[in-house]
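Shown next, in structure tokens, is the structure this report addresses.
The values are calculated or read from the model by the stated rules, or taken from the named source; none is laboratory data. Given the structure is predicted, the values throughout are model-derived calculations rather than measurements. In this analysis, Cβ positions are derived from the backbone assuming ideal geometry, glycine residues included, and neighbour counts consider all displayed protein chains. Side chains are part of the model used for accessible areas, which takes the heavy atoms of the whole protein and leaves out ligands, DNA and RNA. Shrake-Rupley method; radii C 1.70, N 1.55, O 1.52, S 1.80 Å.
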Amino acid sequence: MVMALALLGESAHAQGPIERAVLRQWRDSLETIDDTTALEAIEAAQIDAARQDRNNTMRHLRLGYLSLRLAELTTGASRADDAAGEFQWATELQPTWPFPWYGLGEAELLEADRTRDAVKLLFMVWGHDMFGAPARHIARSAEVDSTFIEGVLDIGEEALRRGIPAHLTTALGVVREIAASPVAHNPAVLLLRGRVERETGDVDSAIAAFRALTERPGTHAAGLFELGRTELIAGRIAGVEPWYAGLAVADTATLAMYRFDLSLVMPDTMMHSFDVARPAARVALVRNFWDSRDPDAVDAGPDRLREHYRRIDYSRRHYPLAAGRHRYDSLPIYDPTGSQFDDRGRIYVRHGEPDDRATLSMIGLPPNESWVYRHPGGDLLFHFAKPDSAAGWRLYESLLDIAGLGAAAQRTGQGNVRARLEGGGMMETYGAGWTARAAEELLYSREKLSPVYGQMLSAGPSGARSTQVSERSEGRRSIKVGLQTDSWKMGYELPLTATVDVLAVGSIGSAPELQVVFAIPGTSLYAPPSTGRVVYPIRTRVSVKNAAGETIAAVDTTRNFVAPGPIPDADNLLGRLPISVPPGDYVVRVAVETPGRGVVAQPHTVHVASFAAPTMTLSDLALGARSVPLPWATGASDTAWINPLHTFRVSEPVELFFEVGGVAQGAPYHAEYRIFRSGHQDAVLDLGFDGAATGVPNRVHRELDIGRLGTGAYTLEVTVSSPSGEKAVRRRAFTVIK
């Protein structure tokens, strides 16, 4: 090896591809040598040659990398100084070469990293950034030669792998230092910058970098993936669209990143289907998976996907693996090995924030905590402990396993609790012994999580073993279920008071529509202090499913409602969302959200009539009032009105609108309106008229005078019949007030 290294190229007048290849070969060859004596022998030969040729830049670069390798293998700081000196000399000889600047930055970074923490703190007090110079010099390597990006990428990828704050700060300084240079627009650099910006906490800058990457000509799957998941981590539902777009065009490397994220919750059988599916089928499979996570929610897929990435990000930051278990040198940037977080993170990604948790700080016991998730089918209970810093936090079947890790159990030979139980014995949980006292304190600390711990404390010595067996069995079940399932319930920080209605009325041509309408009282709306206009952002999500549970239509839209001032408590914000659907029977779920508040309405069952059918059909009845400003233009150049509150003043006519199908244009029909007081069989108002259809569908708009009705609850019944005796009937409840 020494001879092979000695034969590497000599000095060059310009650092072209050959010289760069020579330096890379030299550097890579040094990485294979762990013997410092052999390296020092190579160094001595190189120093002798450099003395005869002091202005040979390549010799100084080779000596710099030799010193850098020796610095990596030793603890002394002098070798890093030697490396920095050689690279500095090379920058003076060839200031337009990139490798001298890159090597200088690497040496300075290693030197700063080796500095004692107390000295680093002192430099910070003095306002001196020890990592700023390395960043500037590495950035300089790309600035002097826009085709040289490996220095920027190497330092950034290494910082992302290690997650060391100082290295991330250095990498951030590098990518920002070159922001104005041509190399900043390189796709690999844009991707790196976005990742570094995100890891250092600037989500908006990360999103800007990823968006710039996706807006370049061509398709960049990794950019779409990173843009999507970064927005999702930030809680922005807008990340769903680019995330799926990236999945549809993912190359092998990007698909591996998608696969890892999904494998954290997706069953193995589904992952196999994911692996063999073609792009379109793969996207459909993933959409169906997220949509199925909470069948009771409204179009839950996007929110569940957003929650998934929030959990991943939270686990990486709060439940990372112990440093000793990281395999830094073998990890790619995105870490598909699954070594991002400890066992707490594995559970958290699947089930989120526990409903309750408990811990016990006691001399002789390792750090520990227990989590419980309340479920109708049986609570899930998990126990974690950190037996030593190298092992990190681990998941245990029984709370008594944690007691077995304690000093008391270890010294009394009761550490292997499971083996003792399987052998017919048990752990001491009664008496004045050291082990028993530690076990009792643990049991007391977990009483609020499960009744089993109260039972273990009160069972007495004779019942101790049976309760210990039962508690372990429950823990084993929890682990099995917990690591094979996931859970999530869509919810909101605060409830929203809103009235929501869904009507199968209205059409575009002969194509029917659903009208989703809502009313939000001023008491549920937050208006920031203002003397002028107020903007209320309202998010509306609608899921329309048929009897087989298939999604026929899904809408997720946010609209900014502008009011001249805050909406008074007694008034309402009104909204309408039309959705085109084919004829049929559907279950419609609606969620309405304002910032920090939301409500999922009860399911609405609707029948959407077919206006082109040969038999007579009738739409739902839309009841409105001109004082409740929620109109829409019908296909007959008329205006219909809907009142989501179903409440009408006795002094104002009710605007009735409906559509009739199955009647040919010009054909006669008869319509009858009857109003019944709630709980009564006799109509209090009975009206009718004869008409001829003016189109398909035939649209009918009438005003109903309710002045003769008293206050109370009523039902309007509309019957439409043909001369041949065909009939169609619809009903709508409403309330009359003064």
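Odds and ends about this structure:
- Listed residues T219, L160, F148: farthest to the positive end of the dipole of segment 142-250 (Cβ charges): T219
- Charge dipole (debye, nearest 20) of the chain; +1 at Cβ of Lys and Arg, -1 at Cβ of Asp and Glu: 1480 debye
- Here the Karplus curve 6.51 cos²θ - 1.76 cosθ + 1.60, taken at θ = phi - 60°, turns the phi angles of segment 501-514 into couplings of 9, 10, 10, 8, 8, x, 7, 10, x, 9, 8, x, 10, 9 Hz, with x standing for Gly and Pro.
- Dipole of the chain, positive direction: furthest Cα of V588, A107, A419, with charges on the beta-carbon: V588
- Between the alpha-carbon centres of segment 655-671 and segment 247-310 there is a gap of 47 Å.
- Cα-based helix-to-principal-axis angle, 150-162 vs the chain, degrees rounded to 10: 70 degrees
- Extending 7 Å from the Cα toward the beta-carbon at both S466 and E72 defines two label points whose distance is 6.3 nm.
- Applying the Karplus relation 6.51 cos²θ - 1.76 cosθ + 1.60 with θ = phi - 60° to segment 176-189 yields 3J(HN,Hα) values of 7, 5, 9, 4, 8, 9, x, 5, 5, 8, 5, x, 5, 6 Hz, where x marks Gly and Pro.
- Protection proxy ranking, peptides 102-111, 493-502, average beta carbon neighbours within 10 Å, highest first: 102-111, 493-502
- Each of S67, V22, A403 was placed along the dipole of the chain (beta-carbon charges, centred on the mean Cα), and the one lying farthest toward the positive end is A403.
- Highest mean first, the peptides 308-314, 56-62 sorted by other C-beta atoms within 10 Å per residue fall in the order 56-62, 308-314.
- Each peptide in 695-707, 556-568 receives the mean, over its residues, of other Cβ atoms within 10 Å, and ordering these scores from highest gives 695-707, 556-568.
- Part-to-part distance (alpha-carbon centres) for segment 606-636 and segment 58-74, which is given in Å: 81 Å
- Cα-based reach from K386 at 16 Å (exclusive), listing aspartates and glutamates while leaving out same-chain residues under 8 positions away: D342, D343, E369, E397, D401
- Averaged over its residues, the chain has an accessible area of 45 Å² per residue, based on protein heavy atoms and a 1.4 Å probe.
- Per-residue HN-Hα couplings for segment 659-675 [Karplus 6.51, -1.76, 1.60; θ = phi - 60°; Hz; x = Gly/Pro]: 10, 10, x, x, 10, 5, 4, x, 6, x, 7, 10, 10, 10, 10, 10, 10
- Folded to 0 to 90 degrees: helix 460-482 orientation relative to the chain principal axis, Cα: 80 degrees
- Between 0 and 90°, nearest 10: helix 36-52 axis offset from the chain longest Cα axis: 70 degrees
- For the chain, the share of accessible area belonging to carbon and sulfur comes to 52 percent (1.4 Å probe, ligands and nucleic acids excluded).
- Its alpha carbons considered, the chain gives a radius of gyration followed by a Dmax of 35.6, 117 Å.
- Between the amide H of L685 and those of I675, distances stay under 5 Å, these residues lying 5 or more places away or on another chain, with hydrogens modeled in the peptide plane.
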